[in-house]
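Step one of this worksheet: look at the structure below.
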Amino acid sequence: MMALFDIGVWPINLGTVTTVTAGFLALSFVFRYTSGKKVHPSEPIVIQPWVPLIGHLVGMALHGGRYIKQLGLSYPEEPILTLPVPGSRIYVVTEPSLAASVQRNTKTLSMSPLLPEITQRVLGLDERTYHVIGQNLDPEPGEPRGFFADIHDWVYTSLGPGEYVNTLSCEAAQELCLQLRERIGLLDKAIDAPQPINLLAWTRHMVTVGTAKYLFGPHNPIAEDPDLEHAFWAFDHGLAGLLIGILPSVIAPKAYSGREKLSAAFRRYLDAGHLESASSIVQGRARIEKEYGMSTDMTARSALSFLFAGIVNTTTTTFWTVLRIFADATLLAEARQEIRRALELSSQRTGPGSLSIGIVKEICTTLAAVYKESLRTGSENFSVRMIKEDTMLADRYFLKKGAVVQISGGVIHANRSIWGQDAEDFNPDRFLKEKSRGDGFHPAAFRGFGGGKTLCPGRDFATNEILMFAAMIIHAVDLAAPGGGSISVPKKNDRVMPVHILEPKYFPEVIVRPRAEEAETLGQLRVVM
Ligand code: HEM
């Protein structure tokens, strides 16, 4: 051990050490000075990292999304920051009206140029497909269109307000009702000595199996091979490793193996012709992929990306919404009363045994406020745009061509000047008050679904689905802390890259007991719009 500390064994002397140290310090100073300089007088304030050049990248790698959030919160007066990184800049927007400017500026600020690279890395697309999807990324009206423009239009049109999204919402909620009934059926047998259940895993299972079914039909890969559920979550949890894009099978072996297993299963699904029983939105995506000459393997990988979009945020948001309500006796009593009233009104207006999505949204205001507040507190996503041309944002801030600008949901959601002194706390009242006062928050302040051209196309559908699913759980079961007392709520784990609503730091366990009479209603429940 001692030899390691004995610098005498190294072929250098103290004079050399002094020279090298002095040289390093001088170089650091030069780097700090040059990287701290603005490239234009109107460039936003430059935040120099402590480790020259690579400091911000190291910070993000070590601390995940929390790094930029803490930086943003330490400069509350600045609506936008410049983070120098090797060869480029990252601009971080932390204020809603400037976020709205980024979203409006679709000509020079666009997510599209980043998509081919990201998609290739995450899904493992081949070079040919990478080339095809990279064409005509942001077509103006009348110009030739590309793959992403066509898929974007198809998905946004399908999930926009209208008959299709209503039908899909009913199918999804009905399927989740079935999943819940099955889980409750399993509980019944152990009712005398109920075992604690991991609430996040419980929710994950129902949403994963249910979503795969309503999107891809009864012969979907997860129905055919239940082990693929684990492969799916391994893919999800290692996504950041896949994004690095270097030796994915070594850097993110579990995510890589999960992805490859799932894409092989989707290939078998497509080869067997099971697409015929998939939802029309899924069929339409595969049709567009065929028009662009994609192979079965590439269509399989794309199917995985849509399954991902349908599952991950819905799972985690349902988890937080349900946990928050059961952790607070007043919220639970209010939510249950609203749900009972929604069931009664549905019976009167849409027939016995029905539960109407429209009525739940109209009556269950506490549930809806908890859902929204769970999104505010759990969502730290970044809406990212590539800067295609030098841009003067809001006529005030210079953004350099080739760099990226990101809107930080984490900073905006924690901003006290928007949400009040209790911005750090979970307080669903802020969304109830908003309604009664009639003066809401800035439209770009709520970042749960992103914004602008990349605003989540599934937001209305997801709201229908999650409110219904949470309402069914709250109505049909009781959750209790295993040791008695009230259920505690863990903090969120914000040290990861926020690819979706943040998960908790630890996974809480609860005792789940069916409520005898109320659980019965699930058996006949008919979801209607
Ligand atoms: C609570 C549930 C959900 C949340 C919080 C959520 C949130 C988001 C966010 C933050 C984005 C990126 C926005 C941006 O970059 O500005 C996004 C994109 C997307 N979401 Fe959702 N989402 C949810 C549910 C869903 C569901 C259920 C679906 C589909 C069935 C879906 C489909 C998509 C798709 C396809 C995109 C990519 C849009 C594009 O092409 O740019 N989402 N979502």
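Looking only at segment 215-229, decide whether some residue is in a helix (DSSP H, G or I) and in contact (Cβ under 8 Å) with a residue 60 or more places away in the chain.
Keep residues of segment 215-229 that are in a helix (DSSP H, G or I), which gives 215-216, 221-224, 228-229.
Filter again for in contact (Cβ under 8 Å) with a residue 60 or more places away in the chain, leaving 215-216.
Looking through segment 215-229, at least one residue is in a helix (DSSP H, G or I) and in contact (Cβ under 8 Å) with a residue 60 or more places away in the chain.
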- [ ] Considering only segment 155-181, state which residues are surrounded by 14 or more Cβ atoms within 10 Å (Cβ to Cβ) and of a type in the set (D, E, K, R).
- [x] Glu171, Glu175, Arg181
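Please verify whether Arg121 is away from the ligand (no atom under 13 Å from the Cβ), touching a residue at least 24 places away in the same chain (Cβ under 8 Å), under 24 Å from the mean Cα position of the chain (by Cα) and surrounded by fewer than 16 Cβ atoms within 10 Å (Cβ to Cβ), treating the condition exactly as stated.
Considered against the rule, which asks whether it is away from the ligand (no atom under 13 Å from the Cβ), touching a residue at least 24 places away in the same chain (Cβ under 8 Å), under 24 Å from the mean Cα position of the chain (by Cα) and surrounded by fewer than 16 Cβ atoms within 10 Å (Cβ to Cβ), Arg121 comes out as no.
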- [ ] Say whether the condition of being among the β-branched types (Val, Ile, Thr) and buried (at least 16 other Cβ atoms within 10 Å of the Cβ) is met by at least one residue in segment 267-281.
- [x] yes
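Of all residues in segment 25-58, which are of a type in the set (S, T, N, Q) and at pLDDT below 95?
We begin by selecting, within segment 25-58, every residue of a type in the set (S, T, N, Q); these are 28, 34-35, 42, 48.
Listed by number, the residues that qualify are Ser28, Thr34, Ser35, Gln48.
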TODO: Just give me the residues in segment 462-488 being touching a strand residue (DSSP E or B) at 6+ places or on another chain (Cβ under 7 Å) and within 13 Å of the ligand (Cβ to nearest atom), in sequence order.
DONE: Met468
TODO: Kindly indicate the residue of segment 277-288 that is touching a residue at least 24 places away in the same chain (Cβ under 8 Å) and assigned to a helix (DSSP H, G or I) and also nearest to the ligand (Cβ to nearest atom) among those meeting that condition.
DONE: Ile281
Open item on the list: Let me spell it out: the conditions are (1) free of Cβ contacts under 8 Å to residues at least 12 places away in the same chain; (2) within 19 Å of Pro443 (Cβ to Cβ), and Asp395 meets all of them except one. Which number is the exception?
Closed with: (2)
- [ ] For segment 55-110, enumerate the residues that are surrounded by 15 or more Cβ atoms within 10 Å (Cβ to Cβ), outside any strand (DSSP E or B) and of a type in the set (A, V, I, L, M, F, W, C).
- [x] Leu57, Met60, Ile68, Leu71, Leu73, Leu98, Ala99, Ala100, Val102
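Restricting to segment 242-255, name every residue that is surrounded by 19 or more Cβ atoms within 10 Å (Cβ to Cβ), without any contact (Cβ under 8 Å) to a residue 60 or more places away in the chain and part of a helix (DSSP H, G or I). Working first, answer last.
First, the residues of segment 242-255 that are surrounded by 19 or more Cβ atoms within 10 Å (Cβ to Cβ): 242, 248, 252, 255.
In the following step, the residues that additionally are without any contact (Cβ under 8 Å) to a residue 60 or more places away in the chain were identified as 252, 255.
The one that is surrounded by 19 or more Cβ atoms within 10 Å (Cβ to Cβ), without any contact (Cβ under 8 Å) to a residue 60 or more places away in the chain and part of a helix (DSSP H, G or I): Ala255.
From Ser257, Ser263, Ser302, which residue is within 16 Å of the ligand (Cβ to nearest atom), of a type in the set (Ser, Thr, Tyr) and at pLDDT 95 or above? Full working, then the answer.
Working: Ser257 fails: within 16 Å of the ligand (Cβ to nearest atom); Ser263 fails: within 16 Å of the ligand (Cβ to nearest atom).
None of the other options fit; the residue is Ser302.
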- [ ] Could you tell me whether any residue of segment 190-213 is part of a helix (DSSP H, G or I) and basic (Lys, Arg)?
- [x] yes
Task: Failed item, numbered, when Lys491 is tested on (1) within 11 Å of the ligand (Cβ to nearest atom); (2) charged (D, E, K, R); (3) modelled with pLDDT of 95 or more - done: (1)
Open item on the list: Looking only at residues that are of a type in the set (Ser, Thr, Tyr) and in contact (Cβ under 8 Å) with a residue 60 or more places away in the chain in segment 296-324, which one is surrounded by the most Cβ atoms within 10 Å (Cβ to Cβ)?
Closed with: Thr321
TODO: Search segment 126-150 for residues that are under 15 Å from Lys290 (Cα atoms) and pair each with any residue that is among the small types (Gly, Ala, Ser) and in a helix (DSSP H, G or I) when their beta-carbon atoms are under 7 Å apart and the residues are at least 6 apart or on different chains.
DONE: Phe148/Ser112
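Out of the residues in segment 103-117 meeting the condition of being of a type in the set (A, V, I, L, M, F, W, C) and touching a strand residue (DSSP E or B) at 6+ places or on another chain (Cβ under 6 Å), tell me which one is farthest from Ser302 (Cα to Cα). Working first, answer last.
Filtering segment 103-117 for residues of a type in the set (A, V, I, L, M, F, W, C) gives 109, 111, 114-115.
Those left that are additionally touching a strand residue (DSSP E or B) at 6+ places or on another chain (Cβ under 6 Å): 109, 111, 114.
Numbers: Leu109: 25, Met111: 18, Leu114: 17 Å.
Restricting to residues being of a type in the set (A, V, I, L, M, F, W, C) and touching a strand residue (DSSP E or B) at 6+ places or on another chain (Cβ under 6 Å), the top hit is Leu109.
The values are calculated or read from the model by the stated rules, or taken from the named source; none is laboratory data. Note that the coordinates shown come from a computational prediction; the quantities given were computed from them, not determined experimentally. Positions of Cβ are generated from backbone atoms using ideal geometry, with glycine treated the same way; all protein chains shown enter the neighbour counts.
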